[in-house]
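**Student:** Structure provided below as structure tokens; questions to follow.
The values are calculated or read from the model by the stated rules, or taken from the named source; none is laboratory data. This is a predicted model, so every value here is computed, not measured. Here the Cβ positions follow ideal geometry from the backbone for every residue, glycine too, while neighbour counts run over all protein chains shown.
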């Protein structure tokens, strides 16, 4: 029984590492390609320099991410037990 638990944990860990690697790779490619694009020529109404335009674009993306979370995440009670309502549990990994 213990061996199968370790195997499941290892698979979960490998999945998290794989997702993290794919996310980092995608982010690196987007960063590299956005740095090579002449953003002030494409989006002149957002600023005169590359940094100004990139700051506005990232601000819009951050605002969009917050709006998506605010609209789609719904809170719910996970336990009806009155002893656990209001408790905060911190887990350290």
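**Student:** For segment 8-26, does any single residue satisfy the condition of being loosely packed, with under 10 Cβ neighbours inside 10 Å and at pLDDT 80 or above?
**Tutor:** no
**Student:** Turning to a different aspect of this structure: What are the pairs, 6+ residues apart or on separate chains, where a residue within segment 27-44 that is within 17 Å of residue 55 (Cβ to Cβ) has its Cβ under 9 Å from a residue that is exposed (fewer than 10 other Cβ atoms within 10 Å of the Cβ) and at pLDDT 85 or above?
**Tutor:** Within 9 Å, the pairs are 40/48.
**Student:** Determine if segment 30-40 includes at least one residue that is surrounded by 10 or more Cβ atoms within 10 Å (Cβ to Cβ), part of a loop (DSSP other than H, G, I, E, B), at pLDDT 75 or above and at positive phi.
**Tutor:** no
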